[in-house]
Amino acid sequence: MRNALVFVLIAAAAVSASACESDDAPAAAPTTTATSTTSTFADATGEVPTDASPKSGAASSGAALTVTDIRIGRQPGFDRVVFELGGTGSPGWQVAYTDRAVQDGSGKTVDVAGRAILEVRILGSAYPFDSTVPPFDGPDPVTDPGAPAITGVYKKLVYEGVTQSFIGIDADQPPFAVTALADPPRLVVDIATQ
């Protein structure tokens, strides 16, 4: 009986380890507010977004996350922005269209190219010196010529437990979806291409 239990545990660990290598492994589902859509495995695997309303979800208790990478890519029917995170916990989010890109704390306006601005607020964030994770030090804005509908991902500012970014979009407020993934923690924003 003991050998059977050991075998089951080893098999479960192997399945779990192989799932960690995929961008499709969903994180623990955070609580969402009435204005958000529920994050599901289907959202993470690439369904084309159909709703442009604001989305939000709660961070896990004690989350202390720092943005370590930002990637942009094209998928059939949508463009994807991935905020890779380091630290502890699962991210929360507040994502909505805004008329102006205004930095938290300073009130400075950020010049964002495109016809629409999607503000991304990653909840459960920590300053790099608190999370002890090296922060993303790539370009500002982050761009990818393979996804021309996204004009750029601008300013990764951390202020009072929130990382604020702006996504410039060359379309008039297309539908979008937001998903939290695990291993490593990521926040994924899918934006429909029109």
Problem - Within the range 110-164, trypsin sites (Lys or Arg not before Pro) in DSSP loop having at most 16 other beta-carbon neighbours inside 10 Å - result: Arg115
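What is the Cα radius of gyration of the range 112-182 over 2.2 N^0.38 Å, N being its residue count? Present the calculation step by step, with values, prior to reporting the outcome.
Working: Rg = 13.3 Å, N = 71, 2.2 N^0.38 = 11.1 Å.
Taking N as the residue count of the range 112-182, the ratio is 1.20.
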Problem - the range 48-194: Rg to Rh, with Rh as the Kirkwood radius over Cα pairs - result: 0.94
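Take Asp140, Asp99, Asp51 and sort them by solvent-accessible surface of the protein heavy atoms, 1.4 Å probe, largest at the top. Working shown, then result.
Numbers: Asp140 75, Asp99 140, Asp51 50 Å².
From most accessible down to least: Asp99, Asp140, Asp51.
The values are calculated or read from the model by the stated rules, or taken from the named source; none is laboratory data. Computed from a prediction, not measured in an experiment: that's the story for all the values here. Cβ coordinates were reconstructed from backbone atoms using ideal geometry, including for glycine residues, and neighbour counts include every protein chain displayed. Calculation scope for accessible area: heavy atoms of the full protein, side chains included, ligands and nucleic acids excluded. Shrake-Rupley method; radii C 1.70, N 1.55, O 1.52, S 1.80 Å.
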